[in-house]
Each structure stands twice: as structure tokens, then as C-alpha cells.
Amino acid sequence: MTFQFTVSPDFSPDHISGWYIFNTWLQKQTGQGIHLEMYNNFQTQRVAIENDAVDLIYANPFDAAMLVRNKGFSPLVKPFGVSDEAIIVVNADSQILDVADFGPGTKIASTDDPDVLLMGMIMLEPADLNAQNSVKIGCDSYILVAKQLLQGNSDVGIFLAEAYDNLSNMVKSRLKVLVRSEISVIHHCLMIGPKLSPRKQEIQDLLVGMDMTDKGREVLKSLGFSGWVKVGEEETEFMIDLMDALSV
Amino acid sequence: MLDFKPEDIVGDYKEAVLDLYGGLRRLVFYTEIEIPYPDGKLIVSTTDKNGFITHVNKAFVEMSGYSEDELIGSPHSILRHPDMPSVAFKDLWDTVNRGEHWQGIVKNLRKDGAYYWVKATVIPNIRQGKIVSYTSVRRKPSRTKVEECTKLYASLK
Ligand SMILES: Cc1cc2nc3c(=O)[nH]c(=O)nc-3n(C[C@H](O)[C@H](O)[C@H](O)COP(=O)(O)O)c2cc1C
């Protein structure tokens, strides 16, 4: 039997091949057939989860609640030292110096990454902005969010911090950061579904020990990680509660 | 709970006596100094079922002015500001005890007598179908909301 593995569609384009390399490594280590399916967007990925067509997932924190509470997934590991943070950015020439200066009708460029969007909209609340009184300009990538700002089509952009930091210096010099989140407890997590759960302990141990071999470190590098750390059930429950509290 | 000490207070202060849950009374000192909410941060704490603090994050410690040791084990009313009407907290407890989310704008009192406004969401932490604790996640409120609540709370006192 082949199990299904998938990655949160907000993966960085630089790491697509890394995920395939990781999957090959994982199959070799477990002696288990695992098929990696990359979905283009969250919607199609959620349909697959709903249809029980996912057994292993590098999940967006926003989907953790659904995976754990409705689909019986449990957490395995998270990348060492990585958390999801959001940044509120304007054009460098913008008159806005403080988020509170935005008014109704503000045009917000963002991707559909659900956790970043949630954190970003919370950082816009001091201006009383919400989904109803603002205009959302959806973009397929963070590069396009930057483009919206540079071309003056959007008043403000919401970025994943890591994606913003990786923009070229030329682009960043024409943008201005208003707020950077410092939440540190919201993170992506590799999670395992019910069909694979009999092998949970073994897979978790393999992942935690991955940075101990040359080959493992090489694979991690292709993902942009330095290692995996174990995530316990309560840590995930707490993150779910936190996301839940932020969603209202 | 810790007593307020005049030497901890920064600036001119007034005094008030708070009547807290369980017949507890606390003399507090408070000033007119507002500390702005730190941009981009969430202030997070967890209490046991009786409202005693069991966990605080770094932003909580920084904003409250207390050390983590002073906070853990203390009732959450350690932050109670005399301008907050008790009906707000009655509503908070009634709501979370029903297993629901409570949201409100809260004025909190720091150890140094200054205050800070937060938009708080309090949720019950449910494990294996039972409420085991409560968590509050706070974010920066808008000035409009703060002004509305300043008036509202004054009328509820
Ligand atoms: C998770 C949680 C967080 C709370 N946070 C605060 C707070 O930040 N400030 C506050 O005054 N009361 C807070 N409360 C309410 C207090 O427990 C308490 O009800 C309130 O300060 C009024 O005191 P009293 O209930 O003794 O009258 C919180 C309660 C819970 C369950």
C-alpha cells in the first residue's frame, strides 16, 4: 500500500525539489511507498484531506485544528527555530506611518496563505479594518504582493516574514515595513494521519535524528531547515486554541 | 496576591480598594500614564479553572511589569484596574464557563500603576471533552474601540 504525503501549498518555490528529495529519503528510511502530491492551493488540498486521501502532511497552522479534531491526525515534528510571522508593508513613498492611519476602503494585497492572512488582518485591526470594510487583492505569490505595492495598486501588503526577507534588496528599498509580528508560537508542523499512525513513533524518531547523518543534513538543507524537533500533542492543542482565539 | 508598594509606582497616583472574588480586597495605586500596546505582539496567559495564572508569555511579563514568578500562581485579578466594571468580568466568566469564547476590550493595571488597553479573547481549553483551563490571547485594540469603552465602563461603574 502506498501512503499519500502532501505539503502546505504555501511552500516556497525554492523548496519544491527539496520536498521530493525528502520524500525519497523518507521512503528509503521507512521501506514504505509514499507518494508526494503537491496541491496548487489550499482549497484542493482540503478536499483531498476531507476525502481521506492524505496520510502525512506538512501542515499550515491554520489547518491543524481540522486535521487534529476532525481527521484524527497527530503532530510529529516542526522545523528547528522556524515560526510563521507576518509583516505589514507599504510602498516606501506611502504617507502612512502607522497602521492606525488606514481608513475604510483600504486595498490589501495578500496571498491566500491562511495563517499569514489571519495574523496580518489582526495587525490591521488597530485601524478598525476587517474583511467587510477593506478590499482584498488576492495574489498568487509574495513577489506579486510586492508588485502590487510598487505599482501603487494596493495600499498595503501582508507578507510571510520569511518571504519578505527573501525579496531582493532593490525591491525592499522601495518598500516600508510598518509592523512585524513577534508571535513565535505559530508554526507549520509535520502531521501523521490515522492510517500511518501505527508507525508514528518510528517515523518521529527517524525525523528527530535526521540531522545526525550527512545524508540527512543534505536533505534538510534542500528544505531550508537545520533539523526537526518533536512536537507534542499539548503543544499542538495550544496552538490550535491560539489560532481559534485569533479567528474571532 | 502582591500588595502595591508606593516605591514601585511611577508618577502621581490615586488609591482605590477593589472588592475581588471570594471576599478578597486589594488596595491598588494607579496613575494616568498609558503604556501603548506593543505592535505585532500577542499577550498570552493561561489560568486554571479558578482563574489562577499558570502560564504567561514574554510579552505578558513585559507589559504587566511583574516578574514571571510574581505572576504564576496569582489570581488573574492581579491586573484588575479600578476603572473596569465588575459586570464585564462576570460576563467573561459566565461565557467561558458555558464553553464559549468571550471577547472584550480591557483596561489593565500594571505593577508601576500605569495602564494598558487590550482586545482580549478568552477561551476555554477543552481536552477530552472537558474544560481543563482558560487562555486569554490579547491584541492591539483600535483607538475608536478604546474611546467607546472608556465611556461605556464609566457609565457602568
Ligand atoms: C484566561 C483569563 C484571563 C484573564 N485576564 C484578565 C486580565 O487581563 N485582566 C483582568 O482584570 N482580569 C482578567 N481576567 C478576569 C479575572 O480572573 C477576574 O475575574 C477579574 O480581574 C475581576 O476580578 P474578580 O473576579 O476577583 O472580581 C481573566 C480571566 C481569565 C479566565
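Values for this structure:
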{"read-out": "Residue among A:THR213, A:THR236 that is assigned by TED's automatic domain parsing to the domain that holds A:ARG69 and within 17 Å of the chain's Cα centre (by Cα)", "value": "A:THR236"}
{"read-out": "Yes/no for B:ILE78 being among the β-branched types (Val, Ile, Thr) and touching a strand residue (DSSP E or B) at 6+ places or on another chain (Cβ under 6 Å)", "value": "no"}
{"read-out": "Subset tally (residues that are near the ligand (Cβ under 9 Å from one of its atoms) and within 14 Å of another protein chain (Cβ to nearest Cβ)) for segment B:35-59", "value": "4"}
{"read-out": "Subset tally (residues that are under 19 Å from B:MET1 (Cα atoms) and either surrounded by fewer than 20 Cβ atoms within 10 Å (Cβ to Cβ) or more than 8 Å from the ligand (Cβ to nearest atom) (or both)) for segment B:79-88", "value": "3"}
{"read-out": "Residue within segment A:65-76 that is out of contact with any Lys or Arg (no Cβ under 9 Å at 6 or more places or on another chain) and part of a strand (DSSP E or B) present", "value": "no"}
{"read-out": "Candidates B:GLU70, B:GLU62, B:GLU7, B:GLU32, filtered to the one that is of a type in the set (Asp, Glu), within 14 Å of another protein chain (Cβ to nearest Cβ) and out of contact with any strand residue (DSSP E or B) (no Cβ under 7 Å at 6 or more places or on another chain)", "value": "B:GLU62"}
{"read-out": "Qualifying residue in segment A:126-142 (condition: within 14 Å of chain B (Cβ to nearest Cβ) and in contact with a Phe, Trp or Tyr (Cβ under 7 Å, 6 or more places away or on another chain))", "value": "yes"}
{"read-out": "Residue list for segment A:118-145, restricted to those being in contact with a strand residue (DSSP E or B) (Cβ under 8 Å, 6 or more places away or on another chain) and assigned to a loop (DSSP other than H, G, I, E, B)", "value": "A:LEU129, A:SER134, A:CYS139"}
{"read-out": "Filter pass, A:VAL116 being within 14 Å of chain B (Cβ to nearest Cβ), among the β-branched types (Val, Ile, Thr) and more than 17 Å from A:LEU246 (Cβ to Cβ)", "value": "no"}
{"read-out": "Looking only at segment B:90-119, and only at residues there that are near the ligand (Cβ under 9 Å from one of its atoms) and not in a helix (DSSP H, G or I), the one that is farthest from A:GLU125 (Cα to Cα)", "value": "B:LEU109"}
{"read-out": "Tally of residues being assigned to a helix (DSSP H, G or I), within 12 Å of chain A (Cβ to nearest Cβ) and not hydroxyl-bearing (Ser, Thr, Tyr) across segment B:120-157", "value": "5"}
{"read-out": "Residue list for segment B:99-116, filter: touching a strand residue (DSSP E or B) at 6+ places or on another chain (Cβ under 6 Å) and within 11 Å of chain A (Cβ to nearest Cβ)", "value": "B:HIS101, B:TRP102, B:GLN103"}
{"read-out": "Criterion: at pLDDT 95 or above, over 24 Å from A:SER134 (Cα atoms) and crowded, with 20+ Cβ neighbours inside 10 Å - qualifying residue of A:LEU207, A:LEU178, A:LEU160, A:LEU167", "value": "A:LEU207"}
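Listed here are the residues, each with its yes/no results for (1) away from chain B (no Cβ under 14 Å); (2) touching a Gly at 6+ places or on another chain (Cβ under 7 Å); (3) assigned to a loop (DSSP other than H, G, I, E, B).
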site	(1), (2), (3)
A:VAL171	yes, no, no
A:SER184	no, no, yes
A:LYS195	yes, no, yes
A:LYS200	yes, no, no
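Residues are listed down the side, and each one gets a yes or a no for (1) in contact with an Asp or Glu (Cβ under 6 Å, 6 or more places away or on another chain); (2) of a type outside the set (S, T, N, Q); (3) part of a loop (DSSP other than H, G, I, E, B):
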{"position": "B:GLU32", "(1), (2), (3)": "no, yes, yes"}
{"position": "B:TYR37", "(1), (2), (3)": "no, yes, yes"}
{"position": "B:SER45", "(1), (2), (3)": "no, no, no"}
{"position": "B:ASN50", "(1), (2), (3)": "no, no, yes"}
{"position": "B:ILE53", "(1), (2), (3)": "no, yes, no"}
{"position": "B:PHE60", "(1), (2), (3)": "no, yes, no"}
{"position": "B:GLU70", "(1), (2), (3)": "no, yes, no"}
{"position": "B:GLY73", "(1), (2), (3)": "no, yes, yes"}
{"position": "B:SER77", "(1), (2), (3)": "no, no, no"}
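The values are calculated or read from the model by the stated rules, or taken from the named source; none is laboratory data. Note that the structure is predicted; figures quoted are calculated from it, not measured. With ideal geometry, Cβ positions are generated from the backbone for all residues, glycine too; neighbour counts draw on all protein chains shown.
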